[in-house]
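Trainee: Below you'll find the structure I mean.
The values are calculated or read from the model by the stated rules, or taken from the named source; none is laboratory data. Values in this document were obtained by computation on a predicted structure and should not be read as measured data. Cβ: placed from backbone, ideal geometry, glycine included. Neighbour counts: every protein chain shown. Just the protein is used for accessible areas: all its heavy atoms, side chains included, with ligands, DNA and RNA removed. Shrake-Rupley method; radii C 1.70, N 1.55, O 1.52, S 1.80 Å.
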Amino acid sequence: MKLQSHKMTVSVDEHTSHLEAFKDFFKRLDDKGVTIEKLPRETIDDYHLQAINATLAHVWNNNAFYRQSLIEAGFSEPKIDSLEQLASVPMLRKDVIRGDKTKILCVEPKEIGQVHLTSGTSGKPIYTSYTLADQYVYDLLPKYLELFKESDEDVAAIALPYEFALPGLGWQRLFQFAFGTAVLSLGKGGYMAPVDKSLELMKEYQATVLATTPSYAALLAEESERYGIKLGEDIRLKKIWLTGEGCSSTFRERLEQWWGCEVSFFYGSTECGVVGIECSEHRGYHVAEGHVKVEIVDPSTGKKLPYGKTGEIVVTTLLREGMPMVRYRSGDIGYLQKSQCACGITMDVLHLRGRMESMLRLGGMEYSPFLIEHFLMELPDVGMWYHLKMNQGELTIEAEPFRTTLSDERLANNIREHMAERIGVNCNVVVRRDIPRTFGKATRIFQS
């Protein structure tokens, strides 16, 4: 079977850049009918070394901050001889670029095609500037046709923010330009996108794919019952892509049962774009190695960690001209494994463990909120809306009942016993029926 190809190609008038050579690399793959997903490790590593060196030369020649950082780290030219030497390149911290729109800009302002920014929930926002070629040429060069099965026969509903941040428009470009998929631009509950109209549009156009956050997928499922829309009948999805928030595998499995379709994780950010994509084996994210090089470092020392060791995720973008991210400290925690996946994809596998600032310290141990959620969702009587409240090392779980005949007292006791057994820590439990729903990122963790 011939691999599905991109539906459209785009060129930008009178445009050349340091990335032109990589058009030829990916065209050769296309001509052979293969993608980067199943290339030998040595071939991927060779591509990474070339792309990183092209990026280093680009930032050295076009950005004073990057150039000075490299010089201070001992570089006399913007080049590494092996991927092992990448660890000698300075890392980029969020606080250095937060609120500064030109600090790492590597093109003239007139070359900027679009600006995205982070929500700035932990301070000033981070501005990310893209050229048109970044968005419509280079970002579409690597193909992941084993991971994405969408085609021009699908209808994709995108229930992600279109304001400021990347997700909504990023997914729209992917579906439209890569796969020729019809797109329903739902957004996430703005005044032009109330939930009832979003569900009605998905029903009317028979959406087959949904891209959204875990919490909003749960909200849409809940609200469908209120509006008399039957999932699996009125809306028959083949696939849901979850992004924008982390969640546990049990939360994902709950969504699969509710929507009656496969649900997969997608990991990316406004700053770096796509980073990892989950295959149907659901055993971690395959790193999008056409777009990024991912490393794991010790958060305290910055030292690079080997496969299997958990630390901070550091990302280098490979196909950016407007604002490349070189060894960007994401603030996310995880570990890498060499791929031995049954799907046959050779790209490294990334396992996420949450954000550094969200880790919960209980009984002298640190726990990922995803792990706590995983155990909580094992109880079918517990709903998908909950709060984890930390106060002086003590955890209180606020949970909602879900289609249960248990009394609140009995349910609270079941949760207490289950969590004590699973994590070995006693916690307080409050059963509520009024945990607020949100159209933004779900706030699950409260630390005082």
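Trainee: Could you say which residue among THR128, THR102 is in contact with a strand residue (DSSP E or B) (Cβ under 6 Å, 6 or more places away or on another chain), among the hydroxyl-bearing types (Ser, Thr, Tyr) and outside any helix (DSSP H, G or I)? I'd like the intermediate steps shown before the answer.
Mentor: Numbers: THR102 fails: in contact with a strand residue (DSSP E or B) (Cβ under 6 Å, 6 or more places away or on another chain).
Every option except THR128 fails the conditions.
Residues are listed down the side, and each one gets a yes or a no for (1) more than 20 Å from ILE277 (Cα to Cα); (2) touching a residue at least 24 places away in the same chain (Cβ under 8 Å); (3) surrounded by 19 or more Cβ atoms within 10 Å (Cβ to Cβ):
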| position | (1), (2), (3) |
| --- | --- |
| LEU132 | yes, yes, no |
| LEU145 | no, yes, no |
| PHE148 | no, yes, yes |
| ALA182 | yes, yes, no |
| SER185 | yes, yes, no |
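Trainee: Okay, next question. Filter segment 56-67 down to residues that are open to solvent by less than 40 Å² (accessible area, probe 1.4 Å) and under 16 Å from THR16 (Cβ atoms) and give me whichever is farthest from the chain's Cα centre (by Cα). Before the answer, list the steps.
Mentor: Step one: filter segment 56-67 for residues open to solvent by less than 40 Å² (accessible area, probe 1.4 Å), giving 56-60, 63, 66.
Filter once more, so that each one left must be under 16 Å from THR16 (Cβ atoms): 57-58.
Numbers: ALA57: 28, HIS58: 26 Å.
Here the residue is ALA57.
Trainee: Give me the residue from segment 383-418 that is over 17 Å from PRO436 (Cβ atoms) and buried (at least 19 other Cβ atoms within 10 Å of the Cβ) and, out of that set, farthest from the chain's Cα centre (by Cα).
Mentor: Looking at the filtered set, the residue picked out is LEU411.
Trainee: In the set ALA221, ALA193, which member is open to solvent by less than 20 Å² (accessible area, probe 1.4 Å), outside any loop (DSSP other than H, G, I, E, B) and of a type in the set (Gly, Ala, Ser)?
Mentor: Working: ALA193 fails: outside any loop (DSSP other than H, G, I, E, B).
Of ALA221, ALA193, the one residue that is open to solvent by less than 20 Å² (accessible area, probe 1.4 Å), outside any loop (DSSP other than H, G, I, E, B) and of a type in the set (Gly, Ala, Ser) is ALA221.
Trainee: I'd like to check something: does segment 340-352 contain any residue that is touching a residue at least 12 places away in the same chain (Cβ under 8 Å), surrounded by fewer than 18 Cβ atoms within 10 Å (Cβ to Cβ) and in a helix (DSSP H, G or I)?
Mentor: Within segment 340-352, the subset touching a residue at least 12 places away in the same chain (Cβ under 8 Å) is 341-352.
Now restrict to residues that are surrounded by fewer than 18 Cβ atoms within 10 Å (Cβ to Cβ): 341-344, 351.
Add one more test, that the residue is in a helix (DSSP H, G or I), and what stays is none.
Scanning segment 340-352 turns up no residue that is touching a residue at least 12 places away in the same chain (Cβ under 8 Å), surrounded by fewer than 18 Cβ atoms within 10 Å (Cβ to Cβ) and in a helix (DSSP H, G or I).
Trainee: On the basis of being in contact (Cβ under 8 Å) with a residue 60 or more places away in the chain, β-branched (Val, Ile, Thr) and either open to solvent by 50 Å² or more (accessible area, probe 1.4 Å) or not in a loop (DSSP other than H, G, I, E, B) (or both), does VAL115 make the cut?
Mentor: Here the answer is no, as VAL115 does not meet what is asked.
Trainee: Give the residue that is surrounded by the fewest Cβ atoms within 10 Å (Cβ to Cβ), with candidates limited to residues of segment 160-180 that are aromatic (Phe, Trp, Tyr) and in a helix (DSSP H, G or I). Spell out how you get there, then give the answer.
Mentor: Within segment 160-180, the first condition is being aromatic (Phe, Trp, Tyr), and the residues that meet it are 162, 164, 171, 175, 177, 179.
Narrowing further to those that are in a helix (DSSP H, G or I): 171, 175, 177, 179.
Details: TRP171: 25, PHE175: 24, PHE177: 18, PHE179: 23.
The extreme case among them is PHE177.
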